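Single-structure report; data block below.
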């Protein structure tokens, strides 16, 4: 899709970013989507809050305030703000650090004290978010390598699964994640059969409902969590969980009662009785500031990554101002923490549902918050009938998505070094905590770069050389390396010359020893940004690098490059035409030799000897394929020639041996919209 098509779509179907007229213009679309997202968000907010060690209504507070506040501050049009499963591990860790265990053993004075301490931590983290947003902290998401982030999220998924399995089975268990996973057979043996039925049925619905929706189109608008709630509430009624009693199964007695249901206010508008204020004295303790950093760093990182992912899914390709979005989330987090709410982020699952349900503007998020407010304020006892086991099943499903085997497969396809970083981060997080775990993952990534020949001096600082062409195009030549750890200043240079000064930019990577996957991925993203603004960002010099895997965005390392050697024999009179064709297709280095030989057809008895010219060049496979096609179409039907192609490995300096001379030399990084082109002339050799 071209930039003109983007503009046309945006003008015809949706308002530009920041246009509040969308409230009335797209009222029907946004209200319908807000209602459907509300049906998904309601049980997830309750489940995430309970799993985090907060009261159930805390998650509802967060989603409501996120919807009502960020709608008018952030310019992110389709993200849904609210509590997220990825924050469970951090928030629960904070609660446990201050002596609480949430509702695992009933709500005690220690739990209430830990809850208020965690709210103070949330306030401090929110202030950091607001401050860093004003100081352009949106760039924070650019530093962390993808493999380490995905490894951290996979570890969070494993932790969520381990913590929620006992809840889904109706038993109480404590311990480290790996310890709980080892205890699964014992937990199953101790399970409360009635509660386990609710948990297992709910889990089956979560996994099987997507398959049902694929087969029956009428099911598509109905979210799986809504089906889980309906079925689990009926099962809870059948087991009479609203009244305390016990039953005997296989000679064992099991208790049932309201302890297996969500605890909610018992009267309309009773939610205001649940407002809780922070205990700021907790911030005097050193241990509190570790959690402030974790709330801030992990929450901001997850929110930024989600907002960027939603921008890619947006049908109108609107661009979120990430700094402004961090400020919006920080302000909403501040408000939520002051009244007893969980930390919030831009949540990817609900945002994807928002897009799929036809939302047009940010007011879909607003309406989802309004529906949540009406539900919890007016019919709280209806929520009290939801079984905890059903909410646990939803979280187990969410955890399985974070730690899905496909994540390991994807990391392997991108490159073996990516799998090493991914797996190391996952194990380190499980063995230590999130901050230490992701730090270990980053350290492993840096060690791999050093092993691959990246100079230590360029790990944190990019070495850039600037050149301006007569047509106004800026060439940024990178030296030594282009890796995740020196990407932020590299990106700022590209943004300043291109998106700020409104000029086309060429990034020349021919003098780098390594270009890692993170930079390849982010360059592809920036090419989309330039295209959206009607500009060009071209990447040259990658033909001299070897991909470390077959993935289109794999790490590139300088070394022996797999090239094609093309040799062509033609009559002497055709030599100049052939050389011109070679130059047009990017063969900056070639050889010409006068020879004597024959080009006749031996089967026709033509064995005459004539004066010939042999032209030989070494070039990348795409250029060689184009040149052979042109020889076949333009020369072969009318003139005699012979062509030979060999695959060879070449150690060379890209600039001096194969300096590009045509548009064919630039690299279009995969990931651009179909039909878009980023090819242009490469940088002239110096």
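Using a 10 Å cut-off on Cβ atoms, rank the peptides 120-133, 403-416 from the highest mean neighbour count down.
Put in order of decreasing packing, that is 120-133, 403-416.
If the chain between residue 250 and residue 134 were fully stretched, how many nm would it gain, using 0.36 nm times the residue separation less the Cα-Cα distance?
35.5 nm
Between residue 377 and residue 242, how many nm apart are label points set 7 Å from Cα along the C-beta direction?
Output for this residue pair reads 2.5 nm.
Shape verdict for the chain, please, from the Cα gyration tensor: rounded (a/c under 1.5), prolate (a/b greater than b/c) or oblate.
Cα axes put the chain in the prolate bin.
What's the ranking of 373-386, 294-307, 345-358 by average number of surrounding C-beta atoms within 10 Å, highest first?
The packing order, highest mean first, is 294-307, 345-358, 373-386.
Helix 621-630 sits at what angle to the longest principal axis of the chain, using alpha carbons and giving 0 to 90 degrees rounded to 10?
Long axis of 621-630 versus the principal axis of the chain: about 50 degrees.
So what is the calculated 222 nm ellipticity per residue for the chain, using -39500 (n - 2.57) for each DSSP H run with n of 4 or more, over all residues, to the nearest 500 deg cm²/dmol?
That comes out to -16500 deg cm²/dmol.
Helix 388-402 against the longest principal axis of the chain: what's the angle in degrees, Cα atoms only, rounded to the nearest 10?
For 388-402 against the chain, the angle is about 10 degrees.
What is the helix-to-structure angle for 405-414, meaning the angle in degrees between its Cα long axis and the longest Cα principal axis of the chain, kept from 0 to 90 and rounded to the nearest 10?
Relative to the chain, helix 405-414 is tipped by roughly 20 degrees.
What spacing in nm lies between the two simple spin-label points modelled at residue 234 and residue 184, each 7 Å away from Cα in the Cβ direction?
2.9 nm
Using 0.36 nm per residue, how much length does the chain from residue 204 to residue 450 gain when fully extended, once their Cα-Cα distance is taken away?
Extra length from residue 204 to residue 450 when fully extended: 83.9 nm.
For the stretch 392-443, rounded, prolate or oblate, judged on the Cα gyration tensor with a ≥ b ≥ c (square roots of eigenvalues), a/c < 1.5 rounded, else prolate if a/b > b/c?
Since a/c reaches 1.5 but b/c is at least a/b, the shape of the stretch 392-443 is classed as oblate.
Under the classification rounded if a/c is under 1.5, otherwise prolate if a/b is larger than b/c and oblate if not, where does the stretch 169-209 fall, given a ≥ b ≥ c as square roots of the Cα gyration tensor eigenvalues?
oblate
Points 7 angstrom from Cα along the Cβ direction at residue 219 and residue 592: gap in nanometres?
7.0 nm
Antiparallel DSSP bridges in the stretch 456-556: what percent, to the nearest 5?
Roughly 40 percent of the beta bridges in the stretch 456-556 run antiparallel, per DSSP.
Pop the C-beta distance of residue 273 and residue 468 into the FRET formula with R0 = 51 Å and round what comes out to the nearest 0.05.
With a Förster radius of 51 Å, E is 0.15.
Where a number appears in this text, it was derived from the coordinates with a stated rule and is not lab data. Note that this is a predicted model, so its numbers are computed, not measured. Counting neighbours? That spans all protein chains shown, and the Cβs are built from the backbone with ideal geometry, glycine included.
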